[in-house]
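The values are calculated or read from the model by the stated rules, or taken from the named source; none is laboratory data. All values derive from a computational prediction rather than experimental measurement. Cβ placement follows ideal geometry from the backbone for every residue including glycine, while neighbour counts extend to all protein chains displayed.
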Amino acid sequence: MKGRENLAISKENPFKLVSENANLALHALSKHAQDRSKMAMVYESVSGSRQVFSFFEIEQFSNKIANLLQNLGSGKGDRIFTLLNRTPELYATIPAVLKLGAAIAVLFPDFGSEAIRQRLEDAGARILITDSANLEKVRPLCGSLPTLEHILVIGENREKTVAGVQFHNFDKLLKNASNRFESAIVSEDDTCFLIYTSGTTGLPKGVVHRHAIRERLTETAQSVLQLEKSDFYWCTADPGWVTGLNYGIFAPWLLGMPILVYEGEFDAHKWLDILERNQVTCLYTTPTLLRLMRNEIGDISQKRDFALTRIFSAGEPLNTEVISWAERVFDAPIYDNYWQTETGSQIIANRPNVPVRRGSMGKAVEGVQVAIIDEKGKIVPSGVVGDIAIRPTLNSLFKGYWNFPEATRACFRAGWYITRDRGKLDENGYFWFVARNDDVITCEAQRIGPFEVENALLSHPAVAESAAIGVADVVTTEHVKAFIVLRKGYEATEKLAKEIANHVLAQLSPLATPKEIEFVSDLPKTKSGKIQRDQLRRKGSFDNEKVFIIE
Ligand code: AMP
C-alpha cells in the first residue's frame, strides 16, 4: 500500500510519526495489518457470541467498505454518517470513511428522527449507513434533507428510492466490493471527524477535527493511559461520543493495541462478567456508570477474579465516594481525567506514577499548556477560581464548529482557548473542577460549584445520584436545590431530606447546603451520561409532593 514505506519515526521527537500521508486510518490500522496475526478487537455481542478480529481482517473489511462508498461517488471532503449499534460493521466503517479522505460522523444508535435530521441537515450529509432496525426512524427523513442521496442498510431492506433518496443493501454491495483500497493522501490539516456535541446545554454543534489529532492520541495513550503490550483495554463509551471514538478506538489502535467492544448497553452484572472473563487490565468509563454500578452491586460479596490494574474516568466530576467504592471493589486505582470534544485529547489527568489528590482532576498532561485565567485572559493566582483554558497550539484542538464561525471565535480569548468550565489550580499543580460556566450557583455573592454539593450529597448512604442547581431567591440571589435519586431500600421522607441536608451542612457551609430537596426517580442526562442541569433549572420541579423545604 502506497504511503506505508514513507512512515518513519522522527529523530528529534520519538513520539512524532512523520509521513507523507497523515491519514489516521493508515497509522491506526493499515500499518498494523502488515502483521497478519496481530489482534485488533475482541467483540462480544448482546446475544453472547464472541469474535476476535485481527488488524488485517479489519483492514480488509474496511477496504471493502471504502470501495463500496467510493463506487457511490464518495470521496475527499464528504461527511459520511453512521447510525449503528456497536457492531464490527461500525468499527470497520469508521476507518473506511477516513481512507476515502472523508469525515466520519457517528450518531448514537438510539437517537430519534429529529436528532438525526438536525445533524444530517447541518452537515449537508450525502450518505448515511444504518441497519434495518433503524429504518422506521430514517425513512421519514427522506425528502426533507436536500443533500442526502444514499442510505445504506445493513440487514433486510425492501426500499428502493424514497423521495429521491436511494436505499441500498449494504451486505449485497459489500459482497461485490474489492478488499484492496489505497488510502487517500491527506494532510495533517484535513478533516477526519465531525463530532456532534450538545454538551449539557444548547443545540448540537459539529466539532471538526483534523488528522493531526493522531499525535496527541498516541502520546496520551502512552503518557496517561500508559498502555502496554501486557494490557487488555476496554473503553465502555459508544463512538457516538468523543471518548468512544478517540480513546475507544484510535488511541489504542495507534499503539497497535487490541480493544474490547461490547455491543450491549450498561448492565452492572454483565459488566462484571465481561471484566472478569476478558481479564481486562485497563478500563475507561464514566462517573455516571460507576455510580450506577455502585448502586446496583454495592460491595461484591462473591470473590471475583479481576485483572484490573487501573481505571480511568472522564466526562463528569468524579465523586470521592465513588473513588473509594471502585478502589475497594476492583482493588485498582481510579484516575479522573478532563478534556472535551473540542480539545480532542486529555488535557488534565490523574495517571499512574503521579500522586493522586482525591477530588482533583490531576495535573496538566505533558505537552499541553493549561491555565486558569480571568476575563481578560490573565493567569490568576493559585487557589483563585477562573476559566480553565489552554494554549491553542495543541495538535488535537478542534478546527472549529462546522458552519458556525461565530461560535468558534467565541471560544478564544487573548491567545487562549476557553473551555467554558470553571476551575482552580493549587500551588502543587493540581487542577480542581468547580463547574460548567452555566452551572455555577451564585449565593450571597459567593459562587458555589454544584460538584462540591453533589460530592457531599453522594457521601450520604441513602444517595444514589444527585444534581445541585441554583434557584432564584429574593434574599440570597440564588439558593441551592438538590435533586436526589435514592438508593434501593430508602424512602423519600421529610426526615430523610433533613438528615441529608444536615449531612451536607456538616461538610460544607450553610450557603452550600440545599434549601430544597426533591426526590426523583431519575435525572435527565445526555447520551454520554452527563447530568443536564439546564433541564432541571428549566423544569424547576417534577413532583411537588416529593419536594422538601429545609428550614
Ligand atoms: P464532552 O465534550 O461531551 O466530552 O463534554 C466535555 C465537558 O464535560 C467538559 O467541558 C466538562 O464540563 C465535563 N467534563 C469532562 N471531564 C470532566 C472531569 N474529569 N471532571 C469534571 N468535568 C468534566
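Of 467, 492, all but one fail to be under 19 Å from residue 448 (Cβ atoms) and hydrophobic (A, V, I, L, M, F, W, C); the exception is 467.
Counting only helices (runs of 4 or more DSSP H) that sit completely within segment 68-144, those holding 3 or more residues that are touching a residue at least 40 places away in the same chain (Cβ under 8 Å) and over 25 Å from residue 252 (Cα atoms) correspond to 113-123.
Against the definition (out of contact with any Pro (no Cβ under 9 Å at 6 or more places or on another chain), away from the ligand (no atom under 11 Å from the Cβ) and either farther than 18 Å from residue 451 by Cα or modelled with pLDDT of 95 or more (or both)), how does residue 375 come out, yes or no? For residue 375, the condition - out of contact with any Pro (no Cβ under 9 Å at 6 or more places or on another chain), away from the ligand (no atom under 11 Å from the Cβ) and either farther than 18 Å from residue 451 by Cα or modelled with pLDDT of 95 or more (or both) - is met.
Looking at residue 382, is it more than 16 Å from the ligand (Cβ to nearest atom), in a loop (DSSP other than H, G, I, E, B) and either at pLDDT below 95 or surrounded by fewer than 16 Cβ atoms within 10 Å (Cβ to Cβ) (or both)? Against the criterion (more than 16 Å from the ligand (Cβ to nearest atom), in a loop (DSSP other than H, G, I, E, B) and either at pLDDT below 95 or surrounded by fewer than 16 Cβ atoms within 10 Å (Cβ to Cβ) (or both)), residue 382 qualifies. Is there a residue being within 15 Å of the ligand (Cβ to nearest atom), of a type in the set (Asp, Glu) and crowded, with 22+ Cβ neighbours inside 10 Å anywhere in segment 428-438? No: segment 428-438 contains no residue that is within 15 Å of the ligand (Cβ to nearest atom), of a type in the set (Asp, Glu) and crowded, with 22+ Cβ neighbours inside 10 Å.
Condition check ((1) hydrophobic (A, V, I, L, M, F, W, C); (2) more than 24 Å from residue 420 (Cβ to Cβ)) across all residues:
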| position | (1), (2) |
| --- | --- |
| 451 | yes, no |
| 463 | yes, yes |
| 467 | yes, no |
| 478 | no, no |
| 487 | no, yes |
| 493 | no, yes |
| 510 | no, yes |
| 514 | no, yes |
| 521 | no, yes |
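Going by the conditions given, is residue 185 among the hydrophobic types (A, V, I, L, M, F, W, C) and within 13 Å of the ligand (Cβ to nearest atom)? Spelling it out, it is not the case that residue 185 is among the hydrophobic types (A, V, I, L, M, F, W, C) and within 13 Å of the ligand (Cβ to nearest atom).
Taken over segment 360-386, residues that are of a type in the set (Gly, Ala, Ser) and out of contact with any Lys or Arg (no Cβ under 9 Å at 6 or more places or on another chain) amount to 2.
Residue 355 meets the conditions (1) touching a Ser or Thr at 6+ places or on another chain (Cβ under 8 Å); (2) without any contact (Cβ under 8 Å) to a residue 60 or more places away in the chain; (3) surrounded by fewer than 17 Cβ atoms within 10 Å (Cβ to Cβ); (4) closer than 25 Å to residue 323 by Cα in every case but one. The failed one is (1). Could you tell me whether segment 55-73 includes any residue that is among the small types (Gly, Ala, Ser), surrounded by fewer than 20 Cβ atoms within 10 Å (Cβ to Cβ) and at pLDDT below 95? Checking segment 55-73: not a single residue is among the small types (Gly, Ala, Ser), surrounded by fewer than 20 Cβ atoms within 10 Å (Cβ to Cβ) and at pLDDT below 95. Residues in segment 489-511 that are buried (at least 16 other Cβ atoms within 10 Å of the Cβ) and small (Gly, Ala, Ser) were compared, and the one that is farthest from residue 478 (Cα to Cα) is 492.
Return yes when residue 141 is modelled with pLDDT of 95 or more and under 22 Å from residue 403 (Cα atoms) and no when it is not. In short, no.
Results for (1) more than 26 Å from residue 369 (Cα to Cα); (2) out of contact with any Lys or Arg (no Cβ under 8 Å at 6 or more places or on another chain), shown as yes or no for each residue.
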site	(1), (2)
409	no, yes
420	no, no
482	yes, yes
492	yes, no
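Hey, does segment 441-449 have a residue that's of a type in the set (A, V, I, L, M, F, W, C), in a helix (DSSP H, G or I) and in contact with a strand residue (DSSP E or B) (Cβ under 6 Å, 6 or more places away or on another chain)? For segment 441-449, residues of a type in the set (A, V, I, L, M, F, W, C), in a helix (DSSP H, G or I) and in contact with a strand residue (DSSP E or B) (Cβ under 6 Å, 6 or more places away or on another chain): absent.
The residue of segment 485-533 that is nearest to the chain's Cα centre (by Cα), among those that are away from the ligand (no atom under 16 Å from the Cβ) and assigned to a strand (DSSP E or B), is 485. Candidates in segment 325-363 are the residues that are of a type in the set (Phe, Trp, Tyr) and over 21 Å from residue 215 (Cβ atoms); of these, the one that is farthest from the ligand (Cβ to nearest atom) is 330. Checked against (1) under 28 Å from the mean Cα position of the chain (by Cα); (2) closer than 30 Å to residue 542 by Cβ; (3) among the aliphatic types (A, V, I, L, M), residue 425 passes all but condition (2).
Scanning segment 470-488 for residues that are of a type in the set (Val, Ile, Thr) and surrounded by fewer than 24 Cβ atoms within 10 Å (Cβ to Cβ) gives 471, 474, 475, 476, 477, 485. Residues in segment 282-318 that are away from the ligand (no atom under 16 Å from the Cβ) and not hydrophobic (A, V, I, L, M, F, W, C): 11 in all. The residue that is farthest from the ligand (Cβ to nearest atom), counting only those in segment 224-261 that are of a type outside the set (A, V, I, L, M, F, W, C) and touching a Lys or Arg at 6+ places or on another chain (Cβ under 7 Å), is 256.
What number goes with the only condition from (1) farther than 28 Å from residue 277 by Cβ; (2) among the polar types (S, T, N, Q); (3) over 17 Å from the mean Cα position of the chain (by Cα) that residue 197 does not pass? Answer for residue 197: the failing condition is (3).
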